[in-house]
Amino acid sequence: MTEFKAHLRAEVIPGEGTYLFSERDVKMIDCPQLELMAPLMDGRRGINEIIRDAGRELAPEQIGYVLAQLANAALVDFRRTARTLENPARTGLAFWELAGLDGAQTAARLADGSVRILTVGAVDGSAVRAALQATGVSVHATSAVTGSSCGIPGADLSVVVCDDYLASELAAVDASHRAAGRPWLLAKPHGADIWLGPVFQPGEGPCWNCLAHRLRGHREVENHVQRTLGRSGPLLIPQASIPPSQGVGLHMVALEAAKWMAGHRYHGQQSVLTLDNFTMTARHHAVQRRPQCAFCGDPSLSTERIGRPLPLRSRSKAYANGSGDRSASPENVLARYRTQVSPLTGVVSRLDPDPAAPPGLQVYRAGHNMALGTPGLRSLRHGFRGMSAGKGVTSVEAEVGALCEALERFSGVFTGEELRVRDSLRNLGEPAIHPNRCQLFDERQYADRDRWNAAHGDFQQVNEEFDVTADVDWTPVWSLTEQRQRLLPTSMLYYNTPESSGGGFCSADSNGCAAGSSLEDAIVQGFLELVERDSTALWWYNRTRHPGLSLSAFEEPWIAERRSLYAGRNRELWALDLTADFGIPAVAALSRRTDKEDEDIVIGLGAHFDMRVALRRALTELDQMLPFVMNARPDGGGYECSGNDILDWCRTATVANQPYLLPDPLAPMSTPDDYPYTAHPDLLDDVMGIQRLVEAKGMELLVLDQTRPDIGLPVVKVIVPGLRHFWARFAPGRLFDVPVLLGRRTTPLGYENLNPVPLFL
């Protein structure tokens, strides 16, 4: 019997054509012969009957040709028996045909295949079974998973229904299916949010452990509570559902299982689909395989990267604008890494414009700053860097900046996958570097540690004095200067390193950490941050006067727009030239309120080989800081930050009592002409130039590759022992010597005369 596919309805307009309507689209076929044939293709006639009933108007050859063309286009079915108009299965055939499958073959495949139902937690297996059977799927067995065993999978597909995607029993489910090479579908059909998928396929794509790793990262508060109370596993939260929402979830699970059994494949099966039962908003969350996963991947990938020489190579600058030279455009970087944004499966929970930023300023926020997540849940709002953020002159620059900073922070968080050697500094000898060559705390700071730490925020904490005889974990870093591995304490290189690894002696910070479109790009950006902060420390703690920058000399329209925008909010805007002995332009952009006693002074910093780019970075970072103080009130409230250091600064600092914040009135204003710059065409040239600059100062250039295999974004930590952080680190060295070398001071400033206000950024 011959008929159009079950999902199609044919309508003929004589002399115009035959229209084929489906739920998804409509096709018009301009064929006079089909206009005559279409009414005869009703499922009750075979080819011979169509030829007979067409009479003399159509030759058999014409009918055969048209039917062949329709068959090639998958628009027609040929059956042995006539269908009845009342056939209730026809809607099912239409469904599978609309998916691109053969309806009859699919129905047979569903009946012949088998599905096994596994339940984890408080889930009704019989309700899941009934929903599956309603699709025509043959259910092999239903059982509850208890303990660490779920039996050997024997069905074509296991449907695992749980009340939490982090239930400990799922580890055993995953292990048994990987061992048997059988696929399984995970689902949470109940609750305010339905979760569905992915289908785990052993040997292809991620395993459950890959998914669980990402899910745990978004449950920091829950993890803290459970750990503090001596518990393990997910917190049991009351289920919020009503019968209709439960029915939706169960039938979604059944539908997804039926599609898989039918052979329908689509990209969404590799993701977690969530449905908000209140707004009916659905979203796919991509689940990505972790190449270094200890269960389905190669855990040595992370250690191999750290343990080898840096694979530097020539890297042409494919993109250049006012924000610097890069090997890829912001648009390309955003397209490649935006898949990492998801509140479930991403390493970045969200990526949005900062709602507090004034119109005209481009500022994005990306989740929270993962480098600050600690077992004690220290405040994420101490200072201005509680969240990863991005800034720029354009929206895409700001969005990419926020995304890359969040991925950079994530890549620097300790996971246990890092290459480590446990020993004492004394035993390791010369390859190991004493951490205080980098941290640069003064002996007097160690002596006053308890009092200082009690009075200041997290960023300003002084660690325990390093014990050269203590066994701690060390991680290799690559010395570009000596072309060999050196060793530094792991706790100085990775955030949230366990106390047992030596975390009391050192703490990691983001100074010198950078992401880039290539490894070479990241190294350049990381070093420029070191220069920016070193130049800032020399100015801040010595309170030296510096030339201002002539903003009008830069002839950039967006700068004039910034000045107007700030003035409209009763703020003055200016910039200082902080360039120090490396000769790399460094800038501090500053702004203060002019309409109230508290001036709410904020600062943005930037450094680059090109003074124009350095200023751009400083001004856009100032934009990033502005929302924290924009709503400050005369009564001292309204600040979007906390911590004694920053709040004391906002409420008490003025240009009158902190005159070093203003341009030196005796120095000529700096202009772009004072810093001529010719860009290199290759980022490797920039890296080599940096190395020469560092070595000319008698210093060593070190790089740790922090790139994570599951992210792929190049991330490094650049270290130059001796360069200063802008936090309160007062050991002898550049902080005291360079201002004299540059003629800013005639003699080194005494320790007791250093700026008592620690820089709060």
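Taken together, the values in this text are just the output of simple stated rules run on the coordinates, not laboratory data. Keep in mind that what you see is a predicted model, and the values were worked out from it rather than measured. No Cβ is skipped: glycine too gets one built from the backbone with ideal geometry, and neighbour counts run over all protein chains shown.
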For a footprinting-style exposure proxy, rank LEU67, LEU662, LEU488 by other Cβ within 10 Å, fewest first.
LEU662, LEU67, LEU488
How high is the relative contact order of the chain, in percent, counting Cα pairs under 8 Å that sit 6 or more residues apart?
10
Between THR142 and residues 5 or more places away or on another chain, the pairs with built amide H atoms under 5 Å apart involve ILE117
For helix 611-625, what angle does its Cα long axis make with the longest principal axis of the chain, in degrees from 0 to 90 and rounded to 10?
70
So how far, in whole Å, is the C-alpha centre of the range 91-140 from the one of the range 721-744?
71
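What pairs from LYS27/LYS188; LYS391/LYS717; LYS188/LYS391; LYS317/LYS697 go past 30 Å between their alpha carbons?
Checking Cα-Cα distances, LYS27/LYS188; LYS188/LYS391 exceed 30 Å.
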Quick note on LYS697, LYS717, ordering by fewest other C-beta atoms within 10 Å, gives LYS697, LYS717
The chain: calculated mean residue ellipticity at 222 nm from DSSP helix runs of at least 4, using -39500 (n - 2.57)
-9500 deg cm²/dmol
What residues qualify as long-range amide H neighbours of CYS513, i.e. H under 5 Å apart, gap of 5 or more or another chain, H built at 1.01 Å from N?
VAL718
Yeah, the range 533-603 with a ≥ b ≥ c from its alpha-carbon gyration tensor (a/c under 1.5 is rounded, else prolate when a/b outruns b/c, oblate otherwise) is oblate
Ordering of 617-630, 422-435, 26-39, 535-548 by packing [mean C-beta count within 10 Å, highest first]
617-630, 535-548, 26-39, 422-435
Enumerate the calculated ³J(HN,Hα) couplings along the range 486-501 in order (Karplus 6.51 cos²θ - 1.76 cosθ + 1.60, θ = phi - 60°), each rounded to whole Hz, writing x wherever the residue is Gly or Pro.
10, 10, 10, x, 4, 5, 8, 9, 10, 5, 6, 5, x, 4, 5, 7
In whole Hz, what ³J(HN,Hα) sequence does the range 355-360 give by Karplus (6.51, -1.76, 1.60; θ = phi - 60°), x for Gly and Pro?
x, 8, 6, x, x, x
Neighbour-count ranking [beta-carbon atoms within 10 angstrom, fewest first] of ASP42, ASP112:
ASP112, ASP42
State the dimensionless ratio Rg/Rh of the range 120-238 (Rg: radius of gyration of Cα atoms; Rh: Kirkwood radius).
0.97
Please work out the C-alpha center-to-center distance from the range 561-625 to the range 165-190 and express it in whole Å.
53
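In the range 529-580, which GluC sites (Glu not before Pro) are in a loop and have at most 13 other Cβ atoms within 10 Å, using DSSP for the loop call?
Of the GluC sites (Glu not before Pro), the ones in loops of the range 529-580 whose Cβ has at most 13 other Cβ atoms within 10 Å are GLU555.
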Residue by residue through the range 160-176, what is 3J(HN,Hα) from phi via Karplus (6.51 cos²θ - 1.76 cosθ + 1.60, θ = phi - 60°)? Round to whole Hz and write x for glycine and proline.
9, 10, 9, 9, 7, 5, 10, 4, 4, 5, 5, 5, 5, 4, 5, 4, 5
Could you tell me the relative contact order of the range 2-88? Use alpha-carbon pairs under 8 Å, at least six residues apart, and round to a whole percent.
32
What residues have an amide H closer than 5 Å to that of HIS285, excluding those fewer than 5 places away on the same chain, when H is modeled at 1.01 Å from N in the peptide plane?
VAL272, LEU273, THR274
Bin width 5 Å, alpha-carbon pairs only: give the P(r) of the range 616-761 as whole percents, running from 0 to the bin holding the largest distance.
2, 6, 9, 13, 16, 17, 15, 12, 7, 2, 0
In Å, what Rg and Dmax follow from the Cα atoms of the range 2-88?
12.5, 36
Between the range 643-661 and the range 12-63, what is the separation of their alpha carbon centroids in Å?
84
For the ARG692, LEU666 Cβ pair and Förster radius 30 Å, calculated FRET efficiency rounded to 0.05 is 0.30
Along each principal axis, Cα extent of the range 417-538, largest first, Å:
43, 36, 25
From zero outward in steps of 10 Å, how is the percent of C-alpha pairs of the range 702-744 spread across the bins?
23, 32, 24, 16, 5
Extent of the range 1-151 along each principal axis, from alpha carbon coordinates, in Å, largest to smallest?
74, 29, 26
